[in-house]
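Take a look at the structure below.
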Amino acid sequence: MIEYYQFKHNGGRDEYKDAIFLSIVPSMTFAVLYGSGMEDGAGEALNVLSKVFAGDEVQLEFDKLDKLVFDRMPKDAQYMLLRIKNESVECSKYGGVSAKIVMGGEMRLLPNGYFGLNAGDRIVCGTDNFIGNLSDEAIIADALVAENSSEWMNYMVRRISDINELTCGNLTALTLKVKA
Amino acid sequence: MIDFTLLTDRMSELIGTAGVLFVIAVLSFFYIAVLILINVIKYKKKIDAKGDDFLLPEISYFLETGKREKQEDAFYISPMTDYVDNGLIACVSDGMGGLPDGEVVSKFTTHSLKESYPYSFEDPESTVEVIKDISDKVYEKYKLGSGATLVLVHIKDNHMHFFSLGDSNIILIRDGKATLLNQKQNYVSAIIQKMAEGNMTTRDAYTDNRARGLINFLGNYDCKVLYSKSPMRIYEDDIIIVSSDGVTDTIPLEKLYKYVNPQTSARTSAERLKYAVRNKKNKRQDNYTGIVIKMERSFI
């Protein structure tokens, strides 16, 4: 079972250009768009992901979904696709969005492709504007202390706030916890 | 040839006694050396059984009064002789300023933690129960009229659990960066959460000094202990500082590496940090206490 929490914040800007998409059928699939990190094409990228996640195409096998989205996305689009299925995660990143996994008291950058999961593993997926404000040690410490995904997110947001009072531009992230 | 018959009886007696004492001293020396050797071999066997990458903590500490009249900080470090079997417990408690008996509560806390040693590393909830029990006793006596903060680390087999109540510090220095591991339990956190949920920037959360008031502390009713549900991996040359806020209020986190780094021993780091705080000559310097733990490979 997967528990998740998403955080979207203007970060002191008038406009929120990032986005998070979620589909739970047939398995949990997420997309995180780093629109605020793109020079142009953010609107087009948003449309592509909106259509894919609103229709049946999101149910495609991950490789096919990845290719389909990539073909439709504007050049230099920055986003990540993530699918949790059974006891594994598949991910595919383009540009300034990354995911980190906390397992066994350590943290790793989630690689593109397939990665096995165990109960208790935690994943944070966010734009560079979010993740870049946090040290690996801070992410691990907060993940280990937090009782759930929302608490973990709140701890990380507090750290970013301590640095820049959430004025650094759009902040977008997703926390996931694998439960037994 | 020496003619011993020329010595007086008294002199012969003295030489005899000296000879006996010399033999006893030599035998004692060998006895102690054998005992040490046996213990070292036993210890080495235990360490070898842990594997090649087994790390040992080197520990040093300071406890200073600052400009306060009383010492309201207290600390406890478990015996290193037990490290291989039970790990290391290091904790600092800081009596809450402005409230009476802060020094009594902090000492009661560390003394009670000492009494409950050893702790199960595999079951951090049991350590939380001990802390909550101490907190409940403080609450029963003072009914929120006094309290203390607490930070505690439990290090064993290259992993660390950490526990926190209030706004003292557990800091990890790794790769030249100092990171505060425990979040401060004050109103600022609650305000930031609300503002962030409302899509607001958070400058206002820091402007009111009253927001630094603690939401949780030892002696609070039904306190909530922040603790690691599973342990954090630690590596060679990691440095952990367990300290009261008197240290970080004077030396900010980003400046710590200047004084505490893996190139020097824990003792030197602790000395440098202590003098760094002292040399700031802060007129309102709070009590400041720090335990510096440097993880290193065993030389045995």
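The values are calculated or read from the model by the stated rules, or taken from the named source; none is laboratory data. These figures come from a predicted structure and were not determined experimentally. Please note: Cβ atoms are built from the backbone with ideal geometry, for glycine as well, and neighbour counts cover all protein chains shown.
Here are a few things to note about the model shown:
Conditions tested, residue by residue: (1) more than 21 Å from B:Glu64 (Cβ to Cβ); (2) in contact with a Cys (Cβ under 7 Å, 6 or more places away or on another chain).
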residue: B:Phe75; (1), (2): no, yes
residue: B:Pro79; (1), (2): yes, no
residue: B:Ser93; (1), (2): no, no
residue: B:Thr110; (1), (2): no, yes
residue: B:Tyr117; (1), (2): yes, no
residue: B:Asp123; (1), (2): yes, no
residue: B:Lys132; (1), (2): yes, yes
residue: B:Tyr139; (1), (2): yes, no
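- When restricted to residues that are over 13 Å from B:Gly102 (Cα atoms) and among the polar types (S, T, N, Q), segment B:136-176 contains 4.
- Screening A:Leu110 against (1) more than 14 Å from chain B (Cβ to nearest Cβ); (2) touching a helix residue (DSSP H, G or I) at 6+ places or on another chain (Cβ under 7 Å) leaves a single unmet condition, (2).
- Annotation note: of B:Val92, B:Val153, B:Val84, the sole residue that is in the same structural domain as B:Gly246 (by TED's automatic domain parsing), under 24 Å from B:Ser298 (Cβ atoms) and under 16 Å from the mean Cα position of the chain (by Cα) is B:Val153.
- Among residues of segment B:175-190, those that are modelled with pLDDT under 95, buried (at least 17 other Cβ atoms within 10 Å of the Cβ) and more than 7 Å from every other protein chain (Cβ to nearest Cβ), counted: 4
- Residue in segment B:191-203 that is of a type outside the set (A, V, I, L, M, F, W, C) and under 29 Å from the mean Cα position of the chain (by Cα) present: no
- Set B:Ile251, B:Ile192: member being in a loop (DSSP other than H, G, I, E, B), assigned by TED's automatic domain parsing to the domain that holds B:Asp85, among the hydrophobic types (A, V, I, L, M, F, W, C) and touching a helix residue (DSSP H, G or I) at 6+ places or on another chain (Cβ under 9 Å): B:Ile251
- Tally of residues being closer than 20 Å to B:Pro124 by Cβ and in a strand (DSSP E or B) across segment B:205-248: 7
- Cβ-Cβ contacts under 8 Å between residues 6 or more apart (or on different chains), taken from a first residue in segment A:150-172 that is on the phi < 0 side of the Ramachandran plot and more than 9 Å from chain B (Cβ to nearest Cβ) to a second residue that is buried (at least 20 other Cβ atoms within 10 Å of the Cβ) and among the basic types (Lys, Arg), are listed as A:Trp152/A:Arg122; A:Trp152/A:Lys177.
For every residue, the table says whether it meets (1) of a type outside the set (A, V, I, L, M); (2) buried (at least 16 other Cβ atoms within 10 Å of the Cβ); (3) under 16 Å from the mean Cα position of the chain (by Cα).
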| residue | (1), (2), (3) |
| --- | --- |
| A:Ile24 | no, no, yes |
| A:Thr29 | yes, yes, yes |
| A:Gly41 | yes, yes, no |
| A:Leu46 | no, yes, yes |
| A:Leu49 | no, yes, yes |
| A:Ala54 | no, no, no |
| A:Val58 | no, yes, no |
| A:Asp76 | yes, no, no |
| A:Asn86 | yes, no, no |
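- Among residues of segment A:36-50 that are in a loop (DSSP other than H, G, I, E, B), those with a beta-carbon under 7 Å from a residue that is crowded, with 18+ Cβ neighbours inside 10 Å at least six positions away or on a different chain give the pairs A:Met38/A:Ala45; A:Met38/A:Ala77; A:Met38/A:Gln78; A:Gly41/A:Ala77.
- Test: residue in segment A:132-140 that is crowded, with 19+ Cβ neighbours inside 10 Å and more than 10 Å from chain B (Cβ to nearest Cβ): yes
- Some residue of segment B:203-224 being out of contact with any strand residue (DSSP E or B) (no Cβ under 6 Å at 6 or more places or on another chain), surrounded by 22 or more Cβ atoms within 10 Å (Cβ to Cβ), within 10 Å of another protein chain (Cβ to nearest Cβ) and modelled with pLDDT under 95: yes
- Matching residues in segment A:1-35 - criterion: being under 24 Å from A:Glu165 (Cβ atoms), part of a strand (DSSP E or B) and not aromatic (Phe, Trp, Tyr): A:Gln6, A:Lys8, A:His9, A:Ala19, A:Ile20, A:Val32
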